[in-house]
Amino acid sequence: MFEVSCPCCKSTLKIDEKLRAVISHTEPEKKPAFEDLAAEVQKLKGAAGRREEAFEKSFQAEKNQGQVLNRKFDELFKQAKEDPNFGKKPRDIDL
């Protein structure tokens, strides 16, 4: 028998060369998801502030969206008045 390390999950496989089969395997010891519980709690408390900040930024952008769209419309309307062919693309059928 010989031992092989799995490249995917890093477990150790014991293989019988005559039978060409895995006889046993041992999984690697998994480290804990987080080391310090207090540090993880502080991260979660900070996340609430970041979410609130992102919400306020999004809210302000949405609040100004109407003004931005009106300004864009006025500018394009002004360009359309000055040039009657503004924004008109030739169609294939017209060529």
Condition check: of a type in the set (S, T, N, Q) and touching a strand residue (DSSP E or B) at 6+ places or on another chain (Cβ under 7 Å). Does SER58 satisfy that? no
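Does region 13-28 contain at least one residue that is open to solvent by 100 Å² or more (accessible area, probe 1.4 Å), assigned to a loop (DSSP other than H, G, I, E, B) and acidic (Asp, Glu)? Give the derivation first.
If we filter region 13-28 for residues that are open to solvent by 100 Å² or more (accessible area, probe 1.4 Å), which is where we start, we get 17-20, 25, 27.
Still in the running and assigned to a loop (DSSP other than H, G, I, E, B): 17-20, 27.
Then keep just the ones that are acidic (Asp, Glu); that gives 17, 27.
Yes: one or more hits.
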Find all pairs meeting these conditions: Cβ atoms under 7 angstrom apart; at least six residues apart or on different chains; first residue within region 2-13 and at pLDDT 90 or above; second residue open to solvent by 90 Å² or more (accessible area, probe 1.4 Å) and not acidic (Asp, Glu). SER11/HIS25; THR12/HIS25; LEU13/HIS25
Would you say GLU53 is surrounded by 10 or more Cβ atoms within 10 Å (Cβ to Cβ) and either at pLDDT 85 or above or within 30 Å of VAL4 (Cα to Cα) (or both)? yes
Against the conditions (1) open to solvent by 80 Å² or more (accessible area, probe 1.4 Å); (2) part of a helix (DSSP H, G or I), where does PRO90 fall short? Just the number, please. (2)
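The values are calculated or read from the model by the stated rules, or taken from the named source; none is laboratory data. Owing to the predicted nature of the structure, the values given are computational and were not obtained by experimental measurement. Note: ideal-geometry Cβ built from the backbone for every residue, glycine included; neighbour counts use all protein chains shown. For accessibility, only protein heavy atoms count, side chains too; no ligands or nucleic acids. Shrake-Rupley method; radii C 1.70, N 1.55, O 1.52, S 1.80 Å.
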